[in-house]
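A.B. asks: Just dropping this structure here.
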Amino acid sequence: MDDPVRRRVLVVDDDASMRTLLTLVLEQLDCAVVAAADGPSALQAARADELDLAIVDFRMPGMTGLDVAGVLRARAPQLPIVLVSGDVHAIDLAAAREVGVSRFLAKPFNLRDIQDCLRLTGTPAGVAGAGGERIEENR
């Protein structure tokens with residue numbers, strides 16, 4: 001994470017294949033990636049003030065994605081945080097909004113979805129596309 005031009009992205013997912021996939025895709029998009037398998041490891045490995053974006057899985061053992069998002073938000077109020085889940089109904093949108101989640105990304109997602117999330121950093125990812133959903137309560 002030494003190159004100041006590269007976007008610095010934290011990826012937190014207990015699923016090794018998803019973590020690896022996200023890391024590879026983000027590196028291809030010229031991002032510097034800090035990857036972690038759980039919340040405590042992520043918080044130890046990455047200082048939020050050095051990050052441009054955090055992509056955090058919702059369901060993880062121990063600390064949930066909301067727990068991680070809350071700590072990251074307290075450390076860096078402007079950090080965009082994307083919460084990822086394969087089960088859209090499991091997430092309490094009000095709780096996600098309360099801890100400062102910027103966007104929700106449903107699995108499965110595609111390259112354009114990731115590029116759309118990178119736009120949250122204020123640096124265009126290069127391709128226009130629909131992508132992740134904003135956190136909105138539509139009940």
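A.B. asks: Would the stretch 7-134 count as rounded, prolate or oblate if I go by the C-alpha gyration tensor, calling it rounded below 1.5 in a/c and otherwise prolate when a/b exceeds b/c, oblate otherwise? Display every interim value, and only then the final one.
C.D. replies: On the way: a/c = 1.27, a/b = 1.17, b/c = 1.09.
Here the stretch 7-134 falls in the rounded category.
A.B. asks: About the Cα centre of the stretch 7-134, how large is the charge dipole given +1 on each Lys and Arg Cβ and -1 on each Asp and Glu Cβ? Please answer in debye to the nearest 20. Don't jump to the answer; show the numbers that get you there.
C.D. replies: On the way: 13 positive and 17 negative charges, 62 e Å.
Magnitude of the dipole: close to 300 debye.
A.B. asks: Could you tell me which of Leu53, Thr64, Ala36 has its Cα farthest along the dipole of the stretch 7-134 towards the positive end, charges placed at Cβ (Lys, Arg +1; Asp, Glu -1), taken about the Cα centre?
C.D. replies: Farthest towards the positive end: Leu53.
Laboratory data are not the source of any read-out in this text; all were calculated from the coordinates shown. Owing to the predicted nature of the structure, the values given are computational and were not obtained by experimental measurement. No Cβ is skipped: glycine too gets one built from the backbone with ideal geometry, and neighbour counts run over all protein chains shown.
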